[in-house]
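The values are calculated or read from the model by the stated rules, or taken from the named source; none is laboratory data. What you are looking at is a predicted structure, and each value in this text was computed from that prediction instead of being measured. Positions of Cβ are backbone-derived with ideal geometry, glycine not excepted, and every protein chain shown enters the neighbour counts. Heads up: the accessible areas ignore ligands, DNA and RNA and are worked out on the full protein's heavy atoms, side chains in. Shrake-Rupley method; radii C 1.70, N 1.55, O 1.52, S 1.80 Å.
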Amino acid sequence: MTINPNHLRILGEMPPDFKILLLQHSEDSSVLYAGLYEKVKAAENQKGKSVTGGLICSKVVKASVRRSDLQQLHKLLQELKDLNAQTRLKESRRCGQNQAHEDKDGQLDDCFRALLEEMENYLNPVLSQFDFSCFSVRSPSISTTSARAKDKDEKTADKPLPDAGDSVVILADRTLLEFPLEALSVLQAKGIGSVSRDFSLQVLHARLQTDEADLPPKSAQKMQKTPQIPSRPVESDNKKEAKGGRGVKGRGDQSRGIKAVPVNRVLPPNSIPVDTHRFRYVVDAQEEDDGKQADHSSAAEIMRKTLDTYASQFTPLWEGFIGHERKRSLADLEQMLMSCSAFIYSGTENFFSCVPPAKMASLNMSGCQMVFLFESVPNRVSIQKRRSSRASDGPLGSAYLFTLSGVHSVLLNQWHSSAAADAQNLRSLMDPFVSL
């Protein structure tokens, strides 16, 4: 990765619906800086020059902060992580009565609210200097012509698309990335459609650069995506061959005869398409034991249902592993990672226990638009192992490694989760992805 010396020109290439919030400490953590980057307004054009788009830095502020306040914030964060780990561990063991779980969940909510309040107070000296009224109102709906408007069976009138709202991206330093910044009150406005985070302006710009060879044909570009927080894909009508749907040996020849049913959908403005024929997945077998409850399906069941429900459209070309259907090797995982447009992992172990970090850093995943990591905690040994692991092994380390490999968007848990919660999150993710 290289640093562009003309870095200010990057702002001119950002989508107009982006708003970037910068949060950065000084080297000694005694000063907190904040900046807001937003769409260029006509009144802000300098010297009569016409500005066609992009963002500008509308304001930069700073405030002195005390190290003791930051230490207190970290203490509350650690208390939340410890309590959350204990709660998820009890859920995975299915021990205790319902009332006990409710009491624990109540404690967890109280702990989170205490952390959020302390985080708001810590950032208030800089955030209070901004006018965030631009987040409270959405722009009017956009009208666009349907891709199939010319068909005789379709109406020729324009179809209105609801405005998705602004896409806010938080660029925070390593210290602040540990905290739930998306929960800040200023980011709960109705005019905000999504909140993402990233490491730097350079990295964010690199994520938005997409090779045309990695995209579906223009006639089938169907999906809206924003960095780090992915949206909903739909299928393309390209007919790439795959080595057997669902990762079953001997299906390669059959997949060549699969003809996916094309579904035309309108591509929203400022979006990047994702080829839903090239999804890859790994769903851990233990999800079936620990993730299934009376009113919940396991992640494995959810994935199987998705594969079956949309078998006539695009899932036959998906590749992956569910449970112990067949043994997976490191070579299998490498091939899947380098050939996918999106990758889904749901398991009870850290993903990098399957693919060593050193190997991951050397892979080229520039064709992968999205990665979803649902890592749950099965037992106390796993929790203690994660506590003693290096910082690079945590959620931030995972995001760093996938970013280094060229992945454009990463979605993962910020702290421990249960198998049941991950299965529910996978369901809520897959339903809108494939049922538009």
Once Leu330, Leu307 are ranked on solvent-accessible area with the largest value leading and a 1.4 Å probe, the list reads Leu330, Leu307
Points 7 angstrom from Cα along the Cβ direction at Thr210 and Ser329: gap in nanometres? 3.4
Using a 1.4 Å probe, how large is the accessible area of Ser200, given in Å² and rounded to the nearest 10? 40
Working out 0.36 nm times the residue gap between Glu182 and Leu396, then minus their Cα-Cα distance, what length gain in nm do you get to one decimal? 75.5 nm
Give me the one-decimal nm value for the distance between modelled label points at Ala311 and Ala358, 7 Å along each residue's Cα-to-Cβ direction. 4.3
In a shell of Cβ-Cβ distance under 13 Å around Leu184, excluding Leu184 itself, what net charge do Lys and Arg (+1) and Asp and Glu (-1) give? -3
Starting from the Cα of Asp82, step 7 Å along the direction of its Cβ; do the same at Glu13; then give the gap between the two resulting points in nm. 4.7
Report the extension gain between Asp173 and Lys90 in nm, rounded to one decimal, defined as 0.36 nm multiplied by the number of residues separating them, less their alpha carbon distance. 26.5 nm
Stretchable slack from Ser29 to Val61, in nm (0.36 nm times residue separation minus alpha-carbon distance): 10.0 nm
How big is the accessible area of Lys90 in square angstrom, nearest 10, if you roll a 1.4 angstrom probe over the protein chains? 100
Amide H of Ala172: which non-local residues (sequence gap of 5 or more, or other chain) have their own amide H closer than 5 Å, using H built in the peptide plane? Leu23, Asp198
Out-of-range pairs (alpha-carbon distance over 23 Å; input Lys305/Lys327; Lys62/Lys190; Lys19/Lys62; Lys190/Lys305; Lys39/Lys59): Lys62/Lys190; Lys190/Lys305
